[in-house]
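J.: Structure provided below as structure tokens; questions to follow.
Throughout, read-outs are computed from the coordinates displayed, never taken from laboratory work. Values in this document were obtained by computation on a predicted structure and should not be read as measured data. No Cβ is skipped: glycine too gets one built from the backbone with ideal geometry, and neighbour counts run over all protein chains shown.
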Protein chains: 2
Amino acid sequence: MNRLNPPPRLLMGPGPINCYPRVLSAMSTQLIGQYDPVMTSYMNEVMGLYRQVFKTENQSTLLIDGTSRAGIEAVLVSCIEPGDKVLVPIFGRFGHLLKEISERAGADVHTIEVEWGQVFQPEQIEDAIKRVRPKVLALVQGDTSTTMLQPLEHIGEICRRYDVLFYSDATASIGGNPFETDKWQLDAVSVGLQKCLGGPSGSAPITLSDRYVDVVRGRHHVEAGIKAEHHQDAQGSRIRSNYFDIPMILDYWGEERLNHHTEATSMLYCARECAINLLEEGIDNSIARHKVNGDAMLQGAKGLNLEIFGDVSHKMTNVVGVYIPEAVNGDKIREQMLLDFNIEIGTSFGPLHGKIWRLGTMGYNARKDAVLHTLQSLETVLRRAGHKLSLGEAVDNAMTVYEENQNA
Amino acid sequence: MNRLNPPPRLLMGPGPINCYPRVLSAMSTQLIGQYDPVMTSYMNEVMGLYRQVFKTENQSTLLIDGTSRAGIEAVLVSCIEPGDKVLVPIFGRFGHLLKEISERAGADVHTIEVEWGQVFQPEQIEDAIKRVRPKVLALVQGDTSTTMLQPLEHIGEICRRYDVLFYSDATASIGGNPFETDKWQLDAVSVGLQKCLGGPSGSAPITLSDRYVDVVRGRHHVEAGIKAEHHQDAQGSRIRSNYFDIPMILDYWGEERLNHHTEATSMLYCARECAINLLEEGIDNSIARHKVNGDAMLQGAKGLNLEIFGDVSHKMTNVVGVYIPEAVNGDKIREQMLLDFNIEIGTSFGPLHGKIWRLGTMGYNARKDAVLHTLQSLETVLRRAGHKLSLGEAVDNAMTVYEENQNA
């Protein structure tokens, strides 16, 4: 049978992207048992590390064993009881996902929408909250489908005023854009590793405020096969999922260490290394690096005579959407980038499918050489496809961004 | 911050156990994009490999991104509509888990039980099916909580006769005990990597018969954010979970490659390597190896003057339960094994908590040296705790098993 030997792709799409080498190494570390004191100390360490990543003092900061949407579903299904009102402002694909997951959890979901490529003003969200009076506001921070970054800094205060739980998914944005769990008064946040944190998908760090935990603790039921005499079930309705039952997962990560799933040790090693890698660089330095490389890619794309998608003033640092020129075959360009240059750029979903490419500069790949190789290769492929552009302008634009930031 | 540097434990409990080195190496392989033709070829390869592992021709053979109970929940929540009858024969902790997950999915769950340490006769299950007339029979093959292996070979025929979907979880047993998906007429099987397959937890291979797929396809709904004009929703009720929605996951693993989660690439690499490792050894050889090492551990435990738990004629090959001698402190013995000898043995759950230890010989650790070191160390620790035993007898008993099997 074939040895595992994937080609050396440079992943410059909206994620997943190439992992930091130290993150890959961490995953090849031998296992220890799930109740080994060394293992539980790693679990506690991971909680502490992600408190720093999330900028929070929330005790309840831990990993959900699954991809980022596993974190989303865990947060939503644990707090939503059938009939609860949830408000979802939708500005891209992942807003639709929050709506759908909430509906499946039995929620009465209300939505507001802006066109893909735009974000919401706080007043729009406050108006909707006043009208709907939801239990939960579920709002994506960075939606890779549109490249937009929803400002969150004024939303938490509004939610507190109307006694709404404020949940955000920051998978696409964390580590490359500012995020402040406590300062912005968030009650629940979920992320993944496969964007600016530079890991693979498969582990979903989450953080939960005491307000959120109080709500879900009211639905706490201990699993029958491991129930002891001192365990009493809460009065609230049983959570619809066992795997995503946050009160039970808190028991596993907490002092009682009550067994739930078997922690995915290799992914925990990986999540730990992603956090350490970010914190050693410094969150602010990492955001600044994503900003410079994202700007270089943006200006480079303009130099390729490509039109930029959406409201650039609200773009994430780490991904940019560009319209596919009408004269070229978008899929063919992506195929040539992949097969001739080993560089992957992103396609799009839903209303943008076939209309824009997405160019990512995240995590390990938020690097000058990665940006320059991508721009050069795109220039070559577009030129040979007959797209009109000024040779060298893309790299020159990018170089200007790097020079300006060197002097800053 | 500390480098990841766990102690070199030998994991001889009920799992997780040490990974095969080649499996660890596979996880440190760099990523490729999720729609890269190389990636989709790996996904197809994984489907083919697990068809061999499961001994099935089921097209729908794939990975659920989560620990083994994620696979269980995906299988159950996708086929159970609220009010559906599910029959769960319970002979240990994981039967209780199948019951609980089915209840949370809205099922009307009926159970039959035998004492922990026993298994069911086919007639007992047939009688219950006749009485309950369930839509689904959910039955664990190997329940690590009791070390028992439920015979499945006659159950599928009974299920077909009464038009019942037959689902089994074989996480604890697969690769170390016979398993025949098609021959035994199973409709759904879920497993994990962390037992005899010698990987970490975090990926759950499943296989689904066409009968099962027909049932869940009747509940197929495409996600709003990626829905195209040619997509039509099925009439059946929406599955309660998005993450565990098998029809959507089949679209992602199938020809349409419709996006769902972002496949956890490192865990896919890992699952692939676990399967190749098993198939290169040969499933029958692997089962024989687990049998010999399990027998050696069993006879060795007797040589330590330990009483064996449960119906040994129905024990899994890869784990044995032994009563903790009354004169010793069970937790202290386990602690000394861990801290002085770097060897982990297992504790127990529920009614067996504090009463038995579980000694595993699985995957990479189903090895002569691992068994002998464990027996020697247990002898030392038990002797020093005042437990009466005959020095050297444990290793001699184990050696006899190895010698007999060498000559066989």
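J.: What average count of beta carbons from other chains do you get within 10 Å of the Cβ of residues in B:17-24? Don't skip to the end; give the middle numbers.
T.: Working: counts 2, 4, 6, 0, 2, 2, 2, 6.
Mean number of neighbouring Cβ atoms from other chains: 3.
J.: Roughly how many nanometres apart are two label points built 7 Å out from the Cα toward the Cβ at B:Lys368 and B:Leu339?
T.: Using points 7 Å along Cα→Cβ, the separation is 3.4 nm.
J.: Continuing with the same structure: Looking at region A:309-408, which trypsin sites (Lys or Arg not before Pro) are DSSP coil and have at most 10 other C-beta atoms within 10 Å of their C-beta? Provide the component values of the computation, followed by the final result.
T.: On the way: sites: A:Lys315, A:Lys332, A:Arg334, A:Lys355, A:Arg358, A:Arg367, A:Lys368, A:Arg383, A:Arg384, A:Lys388; in loops: A:Lys355, A:Arg367, A:Lys388.
Here the sparse-neighbourhood loop sites are A:Lys388.
J.: Also, quick follow-up: To the nearest 20 debye, what charge dipole does region B:100-212 have about its Cα centre, counting +1 at the Cβ of each Lys and Arg and -1 at the Cβ of each Asp and Glu? It would help to have the intermediate numbers written out before the result.
T.: Working: 10 positive and 17 negative charges, 43 e Å.
Here the size comes out at about 200 debye.
J.: How many lysine pairs in region B:18-279, separated by 8 or more positions in sequence or lying on different chains, have Cα atoms less than 23 Å apart?
T.: The result is 10.
J.: If you put +1 on each Lys and Arg Cβ and -1 on each Asp and Glu Cβ, how big is the dipole of region A:140-188 around its Cα centre, in Debye rounded to 20?
T.: Values: 3 positive and 8 negative charges, 12 e Å.
Roughly 60 debye, rounded to the nearest 20.
J.: Report, for A:Ser237, each distance to the same residue's label point in the other copies, shortest first and in nm; define the point 7 Å along Cα→Cβ.
T.: Counterpart label points of A:Ser237 in the remaining copies fall at 1.2 nm.
J.: In the protein assembly as shown, if the dipole is taken from +1 on Lys/Arg beta carbons and -1 on Asp/Glu beta carbons about the Cα centre, which of A:Met27, B:Thr181, A:Gly350 is farthest to the positive end?
T.: Result: A:Met27.
J.: OK, next. For the protein assembly as shown, what mean projected area does the convex hull of the alpha carbons give, in nm²? Write down the numbers at each step before the final one.
T.: Numbers: hull surface 133.0 nm².
Result: a mean projected hull area of 33.2 nm².
J.: Shifting gears a bit: What percent antiparallel are the DSSP beta bridges of the protein assembly as shown, to the nearest 5?
T.: Numbers: 36 of 76 bridges.
Counting DSSP beta bridges with both partners in the protein assembly as shown, the antiparallel share is about 45 percent.
J.: Here's another thing I want to ask about it. At a Förster distance of 35 Å, what's the computed FRET efficiency of B:Tyr35 paired with B:Glu57, Cβ-Cβ distance as r, to 0.05? Write out the running numbers ahead of the final one.
T.: Values: r = 27 Å, r/R0 = 0.77.
E between B:Tyr35 and B:Glu57, to the nearest 0.05, is 0.85.
J.: Ranked highest first by the average count of other Cβ atoms within 10 Å around their residues, in what order do B:61-74, A:48-61 fall?
T.: Numbers: B:61-74: 27.6, A:48-61: 19.3.
For the peptides B:61-74, A:48-61, the packing ranking is B:61-74, A:48-61.
J.: Let me ask you something else. So what is the relative contact order for region A:127-226, in percent, with contacts set as C-alpha pairs under 8 Å and at least six apart? Provide the component values of the computation, followed by the final result.
T.: Values: 143 pairs, mean separation 21.5, N = 100.
The value is 22 percent.
J.: Also, I was wondering about something else. Per-residue Cβ counts within 10 Å, from other chains only, averaged over A:266-278: what number is that? Could you put the intermediate results ahead of the total?
T.: Working: counts 15, 12, 2, 4, 5, 0, 3, 3, 0, 1, 4, 1, 0.
Taking all residues of A:266-278 together, the mean is 4.
J.: Given the Cα-Cα distance of B:Ser25 and B:Asp127 and 0.36 nm per residue of separation, how much length would full extension add, in nm? Could you put the intermediate results ahead of the total?
T.: Details: separation 102, 0.36 × 102 = 36.72 nm, distance 4.89 nm.
The B:Ser25-B:Asp127 span can extend by a further 31.8 nm.
J.: Quick one: angle between helix A:93-104 and the longest Cα principal axis of chain A, in degrees between 0 and 90, rounded to 10, please.
T.: That works out to roughly 20 degrees.
J.: Along the positive direction of the dipole of the protein assembly as shown (beta-carbon charges: Lys, Arg +1; Asp, Glu -1; about the Cα centre), which of B:Thr380, B:Leu165, A:Gly71 reaches farthest?
T.: Result: B:Thr380, furthest along the dipole toward the positive end.
J.: Take region B:48-88, compute every pairwise Cα distance, and split them into 10 Å bins from 0; I just need the percent in each bin.
T.: 24, 42, 30, 4
J.: For region A:328-384, restrict the atom set to alpha-carbon positions and state the Rg and Dmax in Å.
T.: Reported Rg and Dmax, both Å: 11.6, 32.
J.: For region A:227-272, what is the per residue volume of the convex hull drawn over the alpha-carbon atoms, in cubic angstrom? The partial results should precede the final answer.
T.: Numbers: hull volume 4.3 nm³, N = 46.
Hull volume normalised by residue count: 93 Å³.
J.: So what is log10(I(q)/I(0)) for region A:246-293 at q = 0.33 1/Å, when the Debye sum runs over its Cα atoms only?
T.: Treating every Cα as an identical point scatterer, log10 I(q)/I(0) equals -1.06.
J.: Please go through region A:246-301 and write out the GluC sites (Glu not before Pro) that DSSP classes as loop and that have at most 13 other C-beta atoms within 10 Å.
T.: Numbers: sites: A:Glu255, A:Glu256, A:Glu263, A:Glu273, A:Glu280, A:Glu281; in loops: A:Glu255, A:Glu256, A:Glu263.
Of the GluC sites (Glu not before Pro), the ones in loops of region A:246-301 whose Cβ has at most 13 other Cβ atoms within 10 Å are A:Glu255, A:Glu256.
J.: Still on this structure, I have one more. For every helix of n ≥ 4 consecutive DSSP H residues, a contribution of -39,500 (n - 2.57) applies; sum these over chain B, divide by its total residues, and give [θ] at 222 nm rounded to the nearest 500 deg cm²/dmol.
T.: Details: 13 runs with 165 residues, N = 408.
Helices in chain B give a 222 nm mean residue ellipticity of -12500 deg cm²/dmol.
J.: While we're on this one: Stokes-Einstein diffusion coefficient for chain A at 25 °C in a medium of 0.890 mPa s, Rh from the Kirkwood formula over Cα pairs: what value in µm²/s?
T.: Working: Rh = 22.1 Å.
Translational D for this selection: 111 µm²/s.
J.: Sticking with this one: How large is the direction-averaged shadow of the alpha-carbon convex hull of region B:1-63, in nm²?
T.: Numbers: hull surface 28.6 nm².
Result: a mean projected hull area of 7.2 nm².
J.: Quick one: which residues, 5 or more positions from A:Ile343 or on another chain, have an amide H under 5 Å from its amide H? H modelled 1.01 Å from N in the peptide plane, none for Pro or chain starts.
T.: Counting only residues 5 or more places away or on other chains, the set is A:Leu10, A:Leu338.
J.: Comparing B:Ile276, B:Ile112, B:Ile356, which has the greatest mean-square fluctuation in the GNM of chain B with Cα pairs linked when under 10 Å apart?
T.: B:Ile112
J.: Roughly speaking, what is the stretch gain from A:Ala228 to A:Arg383, that is 0.36 nm per residue apart minus the C-alpha to C-alpha distance, in nm to one decimal? Each step should come with its number before you reach the end.
T.: On the way: separation 155, 0.36 × 155 = 55.80 nm, distance 6.99 nm.
This chain segment gains 48.8 nm when fully extended.
J.: Can you give the average number of partner chain beta-carbon atoms within 10 Å of each beta-carbon in peptide B:32-41, as a whole number? Intermediate results must be reported in sequence, preceding the final value.
T.: Values: counts 10, 13, 7, 6, 6, 4, 5, 3, 0, 2.
Mean inter-chain Cβ contacts per residue within 10 Å come to 6.
J.: Please build a GNM for chain B, connecting alpha carbons under 10 Å apart, and tell me which residue among B:Asp284, B:Asp36, B:Asp169 fluctuates the most.
T.: Result: B:Asp36 has the largest fluctuation of those listed.
J.: Using just the Cα positions, wrap region B:62-209 in a convex hull and report its mean projected area in square nanometres, one decimal place. Could you put the intermediate results ahead of the total?
T.: Numbers: hull surface 30.1 nm².
For region B:62-209, the mean projected area of the Cα convex hull comes to 7.5 nm².
J.: Once you place label points 7 Å from the Cα toward the Cβ at A:Tyr402 and B:Arg161, how far apart are they in nm?
T.: Between A:Tyr402 and B:Arg161, the simple spin-label model gives 7.4 nm.
J.: For chain B, with a Gaussian network of springs between Cα atoms less than 10 Å apart, report the residue from B:Glu326, B:Glu100, B:Glu123 with the top mean-square fluctuation.
T.: Comparing B:Glu326, B:Glu100, B:Glu123 in the GNM, the peak value goes to B:Glu326.
J.: So if I place +1 on the C-beta of Lys and Arg and -1 on the C-beta of Asp and Glu, and nothing else carries charge, what would the dipole magnitude of chain B be about its Cα centre? I want it in debye, nearest 20.
T.: Numbers: 39 positive and 51 negative charges, 159 e Å.
Its charge dipole is roughly 760 debye.
J.: Name the residue from A:Tyr252, A:Ile226, A:Val216 whose Cα lies farthest towards the positive end of the charge dipole of region A:156-259, charges +1 on Cβ of Lys and Arg and -1 on Cβ of Asp and Glu.
T.: It is A:Val216, whose Cα lies furthest towards the positive end.
J.: Same structure again: Over region B:204-247, what is the mean sequence separation of C-alpha contacts under 8 Å (at least six apart), divided by residue count, expressed as relative contact order in percent?
T.: Numbers: 31 pairs, mean separation 18.0, N = 44.
It rounds to 41 percent for region B:204-247.
J.: Semi-axes of the equivalent ellipsoid for region A:283-407, please: Cα gyration tensor eigenvalues, times 5, square-rooted, ordered largest first, whole Å.
T.: Working: eigenvalues 100, 53, 36 Å².
Over the Cα atoms of region A:283-407, the semi-axes work out to 22, 16, 13 Å.
J.: Just to confirm the numbers: A:Asn2, label point 7 angstrom along the Cα-Cβ line, distances to the other copies in nm, shortest first?
T.: 4.0
J.: Now for a different question. Distances from A:Pro151 to the same residue in each other copy, label points 7 Å out along Cα→Cβ, in nm, shortest first?
T.: Copy-to-copy label distances at A:Pro151, shortest first: 7.1 nm.
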